[in-house]
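**Student:** Below is the structure I would like to discuss, written out as structure tokens.
No value in this document is a laboratory result; all are computed from the given coordinates. Bear in mind the structure is a predicted one, so any value in this text is a computation, not a measurement. Using ideal geometry, Cβ is built from the backbone for each residue, glycine included, and neighbour counts are taken over all protein chains shown.
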């Protein structure tokens with residue numbers, strides 16, 4: 001039995017942290033940094049580390065848990081957000097580079113199976129890569145964002161389905177009709193059983209736990225691990241790889257099966273254990289198998305694969321996108337965003353290397369292809385989105401609509417009257433009189449304790465895109481926003497933060513991914529008094545240069561007169577709440593109270 005080498009594990013984890021953090025700060029996914037660190041520490045450059053039985057076992061567990069997390073992150077209902085254009089882009093962005101990758105390897109004398117592995121790698125799109133870049137470029141509320149997310153989900157799923165078929169062929173080992181039918185039958189039985197278990201058995205189990213009030217997080221985590229490894233063993237018995245079992249398990253243990261809050265906590269645990277611990281071991285150790293000799297011996301093939309991956313992805317997406325009617329420019333923009341690669345193709349390529357289907361040279365080429373194509377995404381996507389923005393063709397589109405406001409006070413109602421011009425506004429309050437007043441003014445309004453899930457459930461928080469907490473109590477506002485984020489996954493949470501002594505600090509906003517309303521600490525009571533007394537004046541100011549909301553506030557509150565920036569209105573007169581994590585674009589107006 002190989003000795004457990006703590007020093008090697010320490011170096012791998014420390015290196016993964018350094019590489020991942022550096023890549024993240026540069027705007028790239030941590031996976032990229034982990035691969036590069038593996039190449040540096042491994043035989044290719046420094047030769048400090050090499051793969052071992054211990055590292056291989058931990059890496060295997062790491063990719064299993066990572067595939068669970070990827071499965072959890074995929075919600076097939078989300079694919080409908082991009083609708084028809086998203087499906088077109090996703091299929092075009094997969095099929096065209098897939099075909100080009102396959103015939104490239106065949107042209108260079110590779111086997112059919114090796115060509116298929118390469119084809120999958122160039123066809124996949126990285127969800128993790130785009131998520132960070134979309135946030136940085138403030139594109140999450142655009143149609144492009146939903147098309148890109150749909151493309152990643154579909155391409156990952158297509159890649160794994162094709163991968164399952166390839167494993168079936170490898171298991172047969174020869175072209176035997178009966179053997180192929182038997183292996184294909186086992187694979188179909190696996191997918192059928194796991195789908196039935198996911199749709200019917202797991203919800204029954206979740207209901208049983210809920211009815212018996214079993215809410216112990218550790219118990220749930222252990223139970224889910226048993227389900228995951230059970231699915232993995234079923235995949236192995238069917239002649240497939242364990243990652244397919246992990247992926248299927250992840251698809252069906254997402255929110256809706258178990259208690260919502262526990263599901264959120266379990267998802268976070270899988271994220272931390274996989275992405276924070278075990279998966280980096282896999283990606284760093286993957287770098288150990290990379291050889292730099294490909295730049296001398298296979299430079300033509302490397303260059304060709306990178307070009308095929310980039311051109312195939314961008315052109316394939318743009319061409320298939322044309323029937324959507326949204327134009328070739330948006331199609332090219334989507335294609336540049338889909339050009340990044342990430343976890344799934346490296347995992348599949350690693351399995352191909354382990355099975356002897358692809359060589360170390362091909363594996364190295366695929367790793368460098370993933371690195372080079374991912375490096376191109378921020379540059380190309382920034383250029384193409386700015387191109388669309390200047391032409392007025394960057395379309396905003398919300399996946400979840402509706403605004404839920406905590407606090408049916410006069411300021412909340414004043415804000416709600418503006419916002420309901422383009423979106424449905426719902427109020428929640430623990431004061432019955434305020435709830436009734438909101439109803440009299442034509443708003444849907446609910447009475448209840450905001451810190452109870454039942455209240456948010458009644459207000460249909462699971463459908464809302466924005467939650468605004470407008471009470472005078474910082475702790476209530478923060479706790480309500482945290483519940484809205486953790487239990488109901490409301491994407492945008494905005495919190496009024498009063499300048500109170502002691503108590504909760506504004507730094508807690510970042511922990512729950514919330515933003516401060518009005519982009520500054522604001523006392524609620526004086527503005528409620530002013531609105532009730534009719535002692536306010538609404539004004540607007542057009543912005544000529546790009547400016548952050550925080551800087552706008554600093555520029556306008558230096559004088560003696562206090563103002564309250566309420567909303568930002570774009571040239572099409574669409575309004576959005578004025579909050580800290582936002583920018584005011586040239587031509588937009590700020591609506592404020594004085």
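**Student:** Assuming 0.36 nm per residue, please report the length gained on full extension of the stretch residue 265 to residue 441 beyond their Cα-Cα distance.
**Tutor:** 59.5 nm
**Student:** Taking the simple approach of a point 7 Å from Cα along Cα-to-Cβ for both residue 537 and residue 222, what is their distance in nm?
**Tutor:** The modelled label-to-label distance comes out at 6.8 nm.
**Student:** With a point put 7 Å past each Cα toward its Cβ, work out how far residue 387 is from residue 277 in nm, to one decimal.
**Tutor:** 4.5
**Student:** How would you order 366-376, 520-530 from highest to lowest mean count of nearby Cβ atoms within 10 Å? Before the final figure, lay out each step's value.
**Tutor:** Details: 366-376: 22.2, 520-530: 16.1.
In decreasing order of mean packing, 366-376, 520-530 become 366-376, 520-530.
**Student:** If packing is taken as the average number of other Cβ atoms within 10 Å across a peptide's residues, how do 239-248, 569-578 rank, most packed first?
**Tutor:** Descending mean neighbour count gives 239-248, 569-578.
**Student:** In degrees between 0 and 90, to the nearest 10, how far off the longest principal axis of the chain does helix 6-25 point, with axes built from Cα atoms?
**Tutor:** 50
**Student:** Under the definition of Cα pairs under 8 Å and six or more residues apart, what whole-number percent is the relative contact order of the chain?
**Tutor:** 15
**Student:** Based on the Cβ-Cβ distance from residue 292 to residue 51, what FRET efficiency comes out when R0 is 22 Å, to the nearest 0.05?
**Tutor:** Between residue 292 and residue 51 the formula returns 0.85.
**Student:** Let me ask something additional. How many angstrom separate the Cα center of segment 322-375 from the Cα center of segment 465-497?
**Tutor:** 38
**Student:** For a protection proxy built on the mean count of beta-carbon atoms within 10 angstrom, sort 405-412, 160-167, 216-223 highest first, please.
**Tutor:** In descending order of packing, they fall as 405-412, 160-167, 216-223.
**Student:** So, one more: Counting alpha carbon pairs within less than 8 Å and at least 6 residues apart, what relative contact order, in whole percent, applies to segment 403-593?
**Tutor:** Reported as a whole number, the value is 18 percent.
**Student:** When the helix-only estimate is applied to the chain (DSSP H runs of n ≥ 4, each -39,500 (n - 2.57), divided by the residue count), what is the mean residue ellipticity at 222 nm, nearest 500 deg cm²/dmol? Don't skip to the answer; put the middle values down first.
**Tutor:** Working: 25 runs with 361 residues, N = 594.
Result for the chain: -19500 deg cm²/dmol, rounded to the nearest 500.
**Student:** Need the C-alpha centroid separation for segment 240-310 versus segment 403-427, integer Å.
**Tutor:** Distance between centres, Cα-based: 42 Å.
**Student:** Hey, another quick one. Is the shape of segment 325-400 rounded, prolate or oblate, going by the alpha carbon gyration tensor and its root eigenvalues a ≥ b ≥ c, with a/c under 1.5 for rounded and a/b larger than b/c for prolate?
**Tutor:** prolate
**Student:** Computed on alpha carbon atoms, what radius of gyration and Dmax characterise the chain, expressed in Å?
**Tutor:** 26.3, 86
**Student:** So, one more: Using Cα centres only, tell me the gap between segment 14-44 and segment 537-555 in whole Å.
**Tutor:** Cα centres, segment 14-44 to segment 537-555: 40 Å.
**Student:** Could you work out how far helix 328-337 tilts from the main Cα principal axis of the chain, as a 0 to 90 degree angle to the nearest 10?
**Tutor:** 70
**Student:** Once a ≥ b ≥ c are taken as the square roots of the eigenvalues of the Cα gyration tensor of segment 403-593, is the result rounded (a/c under 1.5), prolate (a/b larger than b/c) or oblate (a/b not larger than b/c)?
**Tutor:** Here segment 403-593 falls in the rounded category.
**Student:** Return one number: the angle in degrees, 0 to 90 and rounded to the nearest 10, between the long axis of the Cα atoms of helix 343-354 and the longest principal axis of the Cα atoms of the chain.
**Tutor:** It works out to around 10 degrees.
**Student:** Can you classify segment 277-358 as rounded, prolate or oblate using the Cα gyration tensor, where a ≥ b ≥ c are the square roots of its eigenvalues, rounded means a/c under 1.5, and otherwise it's prolate if a/b beats b/c and oblate if not?
**Tutor:** Because a/c hits 1.5 or more and a/b exceeds b/c, segment 277-358 counts as prolate.
**Student:** Looking only at the chain, where both bridge partners belong to it, what percent of the DSSP beta bridges are antiparallel (to the nearest 5)?
**Tutor:** Bridges in the chain are about 45 percent antiparallel.
**Student:** Counting only DSSP beta bridges with both residues in segment 403-593, what percent are antiparallel, rounded to the nearest 5?
**Tutor:** About 45 percent, rounded to the nearest 5.
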